[in-house]
Amino acid sequence: MRILLKHVIDCDADAAWRALHSPAAVAELYGPLLTMRPLAPTPLPTRWEPGTDAAVQLEVAGLPAGRQFLHLSDRTATERDGHVRILRDSGIPLTGPLAALDVWDHQMAVSPAPGDPARTLWRERLVIGGAAAPVLWPGLWALWQWRAARIRGLAPSWAYDPPEPDAG
């Protein structure tokens, strides 16, 4: 089963790409509804690099909602309108309701918006499978719609202006 999102957001593709690799920015997408904290005694990194593996605890309103293993990889594809950068989480839910799924494949793609390189075309695909997928799909679909609204609302804050060189 699939959940697909496609929308244009108000930041450039480089800013969106940085946000996808920032555990803090990703946590904002779900907050305050859902929080994510590392299971390891060390905090999450400031930036997720390709090949990152992380185990996290998900909480809803402070109550445990399950553990998730994240495995992140990057790739670039070339499409008619240019290059697309794709972040893939091919991890798997470990505990909680989502652990009943046999398949979890979440891909997020960013590219300059056609005709407006100052904005980003954001696409997501979540593929889930297993006997519980039909039961869990409606809740995940609703969460992804809420997440899309959060992405659109937070995207302008992802812009990055490098510091001015010291004129001294």
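The values are calculated or read from the model by the stated rules, or taken from the named source; none is laboratory data. Bear in mind that the values here come from a model prediction, so they are computed numbers and not experimental data. Quick reminder, even Gly has a Cβ in these numbers, built from the backbone with ideal geometry, and neighbours come from all protein chains shown. Keep in mind that these areas ignore ligands, DNA and RNA; they rest on the heavy atoms of the full protein, side chains included. Shrake-Rupley method; radii C 1.70, N 1.55, O 1.52, S 1.80 Å.
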Which residue pairs have Cβ atoms under 8 Å apart, sit 6 or more places apart or on different chains, and have a first residue in the range 124-142 that is over 21 Å from Arg88 (Cα atoms) and a second that is open to solvent by 70 Å² or more (accessible area, probe 1.4 Å) and outside any helix (DSSP H, G or I)? Ala131/Asp102; Pro134/Met1
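Looking only at the range 51-67, count how many residues are in contact with a Lys or Arg (Cβ under 9 Å, 6 or more places away or on another chain) and modelled with pLDDT under 90.
Residues in the range 51-67 being in contact with a Lys or Arg (Cβ under 9 Å, 6 or more places away or on another chain) and modelled with pLDDT under 90: 0 in total.
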Tell me, which residue of the range 138-161 that is aromatic (Phe, Trp, Tyr) and open to solvent by less than 60 Å² (accessible area, probe 1.4 Å) is farthest from Ala16 (Cα to Cα)? Trp144
Residue hits (the range 101-137; over 19 Å from the mean Cα position of the chain (by Cα) and open to solvent by 40 Å² or more (accessible area, probe 1.4 Å)) are Asp102, Pro114, Gly115, Asp116, Pro117, Ala118, Ala131, Pro134, Val135
Considering only residues that are polar (S, T, N, Q) and under 21 Å from Ile9 (Cα atoms), which ones fall in the range 58-86? Thr76, Thr78
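Please specify each residue of the range 84-100 satisfying the condition of being among the aliphatic types (A, V, I, L, M), under 15 Å from Thr52 (Cα atoms) and open to solvent by 50 Å² or more (accessible area, probe 1.4 Å).
Ile92
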Go through the range 87-101 and count every residue that is in contact (Cβ under 8 Å) with a residue 24 or more places away in the chain and within 26 Å of Asp14 (Cα to Cα). 2
In the list Thr46, Thr76, Thr35, Thr42, which residue meets the criterion of being open to solvent by 50 Å² or more (accessible area, probe 1.4 Å) and in contact with an Asp or Glu (Cβ under 8 Å, 6 or more places away or on another chain)? Thr35
Could you check the range 58-98 and list, in sequence order, the residues that are of a type in the set (Val, Ile, Thr) and within 17 Å of the chain's Cα centre (by Cα)? Thr76, Val84, Ile86, Ile92
List pairs: first in the range 42-56 and among the aromatic types (Phe, Trp, Tyr), second open to solvent by less than 60 Å² (accessible area, probe 1.4 Å) and assigned to a loop (DSSP other than H, G, I, E, B), Cβ under 7 Å, 6+ apart or cross-chain? Trp48/His21
Going through Val26, Val60 one at a time, which residue ends up being closer than 27 Å to Leu136 by Cβ, β-branched (Val, Ile, Thr) and open to solvent by 60 Å² or more (accessible area, probe 1.4 Å)? Val60
